[in-house]
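The values are calculated or read from the model by the stated rules, or taken from the named source; none is laboratory data. What you are looking at is a predicted structure, and each value in this text was computed from that prediction instead of being measured. All Cβ positions, even for glycine, are placed from backbone atoms using ideal geometry, and neighbour counts span all protein chains on display.
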Amino acid sequence: MFSYLVHRLLIMIPTLLAVSLITFIIIQLPPGDYLSTYVAELEAQGERVSDDKIAFLRQQYGFDRPMHEQYFTWVAGMLQGDFGYSFEFNLPVSEVVGDRLLLSFIVSFSTIVFTWVVSFPIGVYSATHQYSVGDYSLTFLGFLGLATPNFLLALVLLYFANVTFGTSIGGLMDPKYLDAPWSWGKFVSVMEHLWIPVVVIGTSGTAGMIRRLRANLLDELQKQYVVTARAKGMHPFKLLCKYPLRMALNPFIADIGSLLPQVISGAAIVSVVLSLPTTGPMLLNALRTQDMYLAGSFLMFLAMLTVVGVFLSDLALAALDPRIRLHGRQPN
Amino acid sequence: MMPKDNHFVSEAPFDPMTVEAMSPEQERFFMASQWTLMWYKLRRHRLAVGAGIILIALYASVLVSEFLAPYNLHTRHTDFIYAPPQGVHLFHEGRFVGPFVYGFDYRLDMNNLRRVYTPNPNVIQPLRFFCQGDSYTFWNWFEAQFHLVCPAEGGTIFLLGTDRLGRDVLSRIIYGTRISLTVGLFGIAISFTLGLFFGGISGYYGGWVDNLIQRMIEVIRSFPDLPLWMALSAALPVTWNPILIYFGITIILGLLDWTGLARAVRSKLLALREEDFATAAVLMGASPGRIISRHLMPSFMSHLIASATLSIPAMILGETALSFLGLGLRSPITSWGVLLNEAQNINVVALYPWLMLPVVPVIITVLAFNFLGDGLRDAADPYH
């Protein structure tokens with residue numbers, strides 16, 4: 001187990017490095033550097049920017065140095081918690097990002113829990129009642145969730161939540177709680193707002209999860225040990241829970257790897273529509289204004305969230321499944 | 001005299017092959033090629049066949065969008081801004097008139113400054129079919145005015161309402177099909193090529209090449225795709241013309257999607273390259289490229305096509321999401337996502353819900369591709 005853990009940790013380092021390299025390339029993609037964009041913007045607004053200030057910024061952010069040096073400065077800065085400077089907000093990126101990252105994390109985490117809670121019973125039902133009306137309709141519902149663009153579903157749900165429950169539009173809590181300290185009322189308000197993004201983002205992942213659980217469970221149910229147990233008169237429900245279900249549960253943990261990027265993607269666009277104070281809207285805004293340091297940091301954060309999440313899911317899987325713990329690889 | 005034998009003895013000469021002989025139907029089935037067998041199997045999958053027909057119809061509509069749409073893409077009706085959908089009726093006061101729509105009465109609600117359109121039951125505007133309407137240039141080839149459906153002279157036909165510039169939503173959806181459906185095809189072509197290439201060399205060579213490519217795939221997969229798509233498409237220069245942007249977007253969509261396909265190719269190749277026929281090809285001096293493409297690929301091509309079909313919807317949804325956010329395609333290029341861009345705020349849901357209708361073809365297409373892909377996947381292994 002220990003050697004597996006070390007191995008997994010060591011793999012993460014080059015992965016994160018490669019992720020940072022790609023992010024850096026994306027930051028550099030737009031023509032010109034942000035400083036010239038920024039200066040041009042200021043001048044368009046009629047402000048004079050002193051040459052000294054430009055030279056100072058240029059030197060501070062190392063725009064005068066070659067590309068690879070800029071990259072190393074950026075990575076080294078990140079390791080020390082300096083994520084660069086947002087020109088849009090005139091603040092260091094780490095301050096702008098602040099607790100948006102935390103909220104992104106909360107939304108993603110709740111969504112994954114939601115996906116599990118919904119797809120587990122449905123998947124088991126679909127597998128045990130294969131080709132029944134219930135199986136077909138649930139599968140179809142899952143497909144519908146997969147096919148409906150998240151953002152539109154979010155809008156419609158938001159509208160109905162507003163009309164039927166009087167939930168305030170947009171944001172993650174009622175405006176009156178915005179600057180208030182945490183209280184029960186604020187918590188309830190957050191919960192009232194949180195379910196919409198969670199349901200909306202969850203719909204796309206749920207369908208896939210249901211299908212995988214169903215397929216895995218169906219495979220298990222056809223095996224001989226199940227037939228034997230059934231022949232010996234074991235109660236069907238007990239039989240299901242005791243053996244095949246446990247075997248079929250692997251994808252729940254293993255799929256975090258593919259679920260997490262999907263959830264974070266979904267969260268990005270849904271947050272834009274619902275104007276949640278998470279990373280999504282800010283990333284979009286940063287991209288629109290070509291505030292590339294900010295955009296790059298967000299991209300980096302999101303990728304990091306994914307890499308770490310996958311790492312944790314691998315650990316959980318290893319704890320759960322001795323085949324992985326002992327052989328260091330996933331069985332197929 | 002011998003006693004009469006009760007046994008029946010056939011007079012016909014005995015043919016030892018009778019047991020093995022097949023009826024013509026059996027022969028047709030057993031001699032069928034792999035692709036024919038797959039077709040037999042797919043044909044039994046009703047849902048997949050239905051989905052396939054819908055997709056063929058949608059793609060065929062792309063060829064004649066100009067003819068199907070009642071109006072042109074950019075025709076504006078300044079008197080009918082945010083007009084609601086007009087219903088098609090057959091009977092007027094119990095009398096059969098044929099398909100017609102009621103004309104609109106327009107009034108500005110002075111309380112909330114909303115445009116209010118009410119159908120006027122006294123104005124009957126019969127639809128015309130196969131008629132002369134807006135003139136268009138068909139495929140940049142010749143001028144024509146021929147439409148499937150036109151409004152009555154001086155009348156209107158907004159079956160799905162109009163948008164903020166008074167453009168017919170139905171016509172725009174029909175034109176948008178052209179872009180939305182082809183984005184998926186171009187994207188999948190790119191991702192298919194990349195997936196075959198990287199998966200091919202990764203699986204065939206193994207060793208460090210394999211390792212490197214697998215790490216690369218892991219890195220790409222650890223990016224949440226939508227934010228990465230957003231970042232990449234935001235990096236497309238604003239000065240590019242819409243056609244270039246369109247290709248840029250398809251390339252971006254394809255660039256990130258190939259990893260799943262590459263993994264599938266790799267795992268199949270790893271197993272197949274140990275087979276005797278692969279060794280035989282090596283011994284006969286075939287080049288790796290030829291062995292992969294001529295000997296190994298065909299045996300799992302059907303699986304690849306099935307999984308490619310299943311990944312088209314993700315691209316269509318991706319394009320829709322990007323355009324919705326305003327980072328993807330831009331006017332005058334019109335896709336379903338660009339149309340949905342108009343439905344960006346809650347007011348639309350409350351006041352002009354018909355602007356959300358472009359989502360219907362999106363859902364239909366995505367569902368159809370999923371069902372077809374499922375059917376293909378089941379049929380991909382006809383010997384199973």
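Taken over the range B:10-39, the residue count meeting the criterion of being over 30 Å from B:Thr177 (Cβ atoms) and surrounded by 13 or more Cβ atoms within 10 Å (Cβ to Cβ) is 5. Could you check, for the range A:219-236, whether at least one of its residues is surrounded by 23 or more Cβ atoms within 10 Å (Cβ to Cβ) and in a helix (DSSP H, G or I)? The answer is no; no qualifying residue exists. Of all the listed residues (B:Ile291, B:Ile249), the sole one being within 30 Å of B:Ile56 (Cα to Cα) and crowded, with 16+ Cβ neighbours inside 10 Å is B:Ile249. Can you pull out every residue in the range B:275-296 that is under 25 Å from B:Leu194 (Cβ atoms), free of Cβ contacts under 8 Å to residues at least 60 places away in the same chain and over 32 Å from the mean Cα position of the chain (by Cα)? Across the range B:275-296, the qualifying residues are B:Ala278, B:Ala281, B:Ala286, B:Ser287. Determine, yes or no, whether B:His74 is touching a residue at least 12 places away in the same chain (Cβ under 8 Å), surrounded by fewer than 19 Cβ atoms within 10 Å (Cβ to Cβ) and farther than 24 Å from B:Trp354 by Cα. Taking the combined requirement at face value, the residue does not satisfy it. Residues in the range A:1-28 that are in a helix (DSSP H, G or I) and either over 30 Å from A:Tyr293 (Cβ atoms) or among the charged types (D, E, K, R) (or both): A:Phe2, A:Ser3, A:Tyr4, A:Leu5, A:Val6, A:His7, A:Arg8. Checking the stated criteria, A:Met292 turns out not to satisfy the condition of being more than 8 Å from chain B (Cβ to nearest Cβ) and at pLDDT 80 or above. Being in a loop (DSSP other than H, G, I, E, B) and out of contact with any strand residue (DSSP E or B) (no Cβ under 8 Å at 6 or more places or on another chain): is that true of B:Leu327 here? Against the criterion (in a loop (DSSP other than H, G, I, E, B) and out of contact with any strand residue (DSSP E or B) (no Cβ under 8 Å at 6 or more places or on another chain)), B:Leu327 qualifies.
Suppose we keep only residues that are away from every other protein chain (no Cβ under 12 Å) and over 24 Å from the mean Cα position of the chain (by Cα) within the range B:219-271. Which one would you say is modelled with the highest pLDDT? Once the filter is applied, the top-ranked residue is B:Arg266.
Checked against the criteria, B:Gly52 does not count as touching a strand residue (DSSP E or B) at 6+ places or on another chain (Cβ under 8 Å) and not hydrophobic (A, V, I, L, M, F, W, C).
Quick one: would you say B:Phe158 is surrounded by 15 or more Cβ atoms within 10 Å (Cβ to Cβ), aromatic (Phe, Trp, Tyr) and more than 14 Å from chain A (Cβ to nearest Cβ)? When the stated conditions are applied, B:Phe158 passes them. Against the definition (surrounded by 13 or more Cβ atoms within 10 Å (Cβ to Cβ) and over 14 Å from A:Leu194 (Cα atoms)), how does A:Ile122 come out, yes or no? So A:Ile122 passes the test. Considering (1) assigned to a loop (DSSP other than H, G, I, E, B); (2) more than 29 Å from the chain's Cα centre (by Cα); (3) not small (Gly, Ala, Ser), say which one B:Pro84 fails and leave the rest. The number of the failed condition is (2). Quick check on the range B:327-339. Is at least one of its residues surrounded by fewer than 24 Cβ atoms within 10 Å (Cβ to Cβ) and within 11 Å of chain A (Cβ to nearest Cβ)? Yes, that holds for at least one residue.
Would you check if there is a residue in the range A:46-63 being modelled with pLDDT of 70 or more, surrounded by 11 or more Cβ atoms within 10 Å (Cβ to Cβ), touching a Leu at 6+ places or on another chain (Cβ under 9 Å) and of a type in the set (Ser, Thr, Tyr)? Within the range A:46-63 (the criterion being modelled with pLDDT of 70 or more, surrounded by 11 or more Cβ atoms within 10 Å (Cβ to Cβ), touching a Leu at 6+ places or on another chain (Cβ under 9 Å) and of a type in the set (Ser, Thr, Tyr)), the answer is no, since none of the residues qualifies.
Let's see how each residue does on (1) closer than 26 Å to B:Pro361 by Cα; (2) assigned to a helix (DSSP H, G or I); (3) out of contact with any Cys (no Cβ under 7 Å at 6 or more places or on another chain):
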residue	(1), (2), (3)
B:Glu274	no, no, yes
B:Ala278	no, yes, yes
B:Arg294	no, yes, yes
B:Ser299	no, yes, yes
B:Ala306	yes, yes, yes
B:Leu310	yes, yes, yes
B:Leu317	yes, yes, yes
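Can you find a residue in the range B:207-220 that is among the basic types (Lys, Arg) and surrounded by 23 or more Cβ atoms within 10 Å (Cβ to Cβ)? No, because not a single residue in the range B:207-220 is among the basic types (Lys, Arg) and surrounded by 23 or more Cβ atoms within 10 Å (Cβ to Cβ). Every condition in (1) more than 25 Å from A:Gly145 (Cα to Cα); (2) more than 14 Å from chain B (Cβ to nearest Cβ) is met by A:Trp195 except one, and the failing one is (1). Can you find even one residue in the range A:245-258 that is touching a helix residue (DSSP H, G or I) at 6+ places or on another chain (Cβ under 9 Å), within 11 Å of another protein chain (Cβ to nearest Cβ) and not basic (Lys, Arg)? Checked against the condition, which is being touching a helix residue (DSSP H, G or I) at 6+ places or on another chain (Cβ under 9 Å), within 11 Å of another protein chain (Cβ to nearest Cβ) and not basic (Lys, Arg), the range A:245-258 yields at least one hit. Evaluated against (1) under 23 Å from the mean Cα position of the chain (by Cα); (2) more than 22 Å from B:Val149 (Cα to Cα); (3) not small (Gly, Ala, Ser), B:Leu58 falls short on exactly one condition, (2). For the range B:362-372, the set of residues classified as more than 7 Å from every other protein chain (Cβ to nearest Cβ) and buried (at least 21 other Cβ atoms within 10 Å of the Cβ) consists of B:Thr365, B:Ala368, B:Phe369, B:Phe371, B:Leu372, listed by residue number.
Spot the failing condition for B:Trp208; the list is (1) farther than 23 Å from A:Val308 by Cβ; (2) in contact (Cβ under 8 Å) with a residue 40 or more places away in the chain, and only one is missed. Answer for B:Trp208: the failing condition is (2). Taking the criterion of being among the aliphatic types (A, V, I, L, M) and within 16 Å of A:Gly266 (Cα to Cα), the residues of the range A:190-215 that qualify are A:Leu194, A:Ile196, A:Val198, A:Val199, A:Val200, A:Ile201, A:Ala207, A:Met209.
For A:Thr167, the conditions (1) surrounded by fewer than 16 Cβ atoms within 10 Å (Cβ to Cβ); (2) not in a helix (DSSP H, G or I) are fulfilled apart from (1).
Can you name the condition, by its number, that A:Leu172 falls short on among (1) more than 14 Å from every other protein chain (Cβ to nearest Cβ); (2) part of a helix (DSSP H, G or I); (3) among the aliphatic types (A, V, I, L, M)? Going through the list (1) more than 14 Å from every other protein chain (Cβ to nearest Cβ); (2) part of a helix (DSSP H, G or I); (3) among the aliphatic types (A, V, I, L, M), A:Leu172 breaks only (2).
Within the range A:272-283, the set of residues being buried (at least 23 other Cβ atoms within 10 Å of the Cβ) and either more than 12 Å from the chain's Cα centre (by Cα) or at the interface with chain B (Cβ under 9 Å from one of its Cβ atoms) (or both) comprises A:Val272, A:Val273, A:Leu274, A:Leu276, A:Thr279, A:Gly280, A:Met282, A:Leu283.
Here is a yes/no grid of residues against (1) more than 28 Å from B:Gly248 (Cα to Cα); (2) in contact with a strand residue (DSSP E or B) (Cβ under 7 Å, 6 or more places away or on another chain):
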| site | (1), (2) |
| --- | --- |
| B:Thr137 | no, yes |
| B:Glu143 | yes, yes |
| B:Cys150 | yes, yes |
| B:Gly154 | yes, no |
| B:Thr177 | no, no |
| B:Ala189 | no, no |
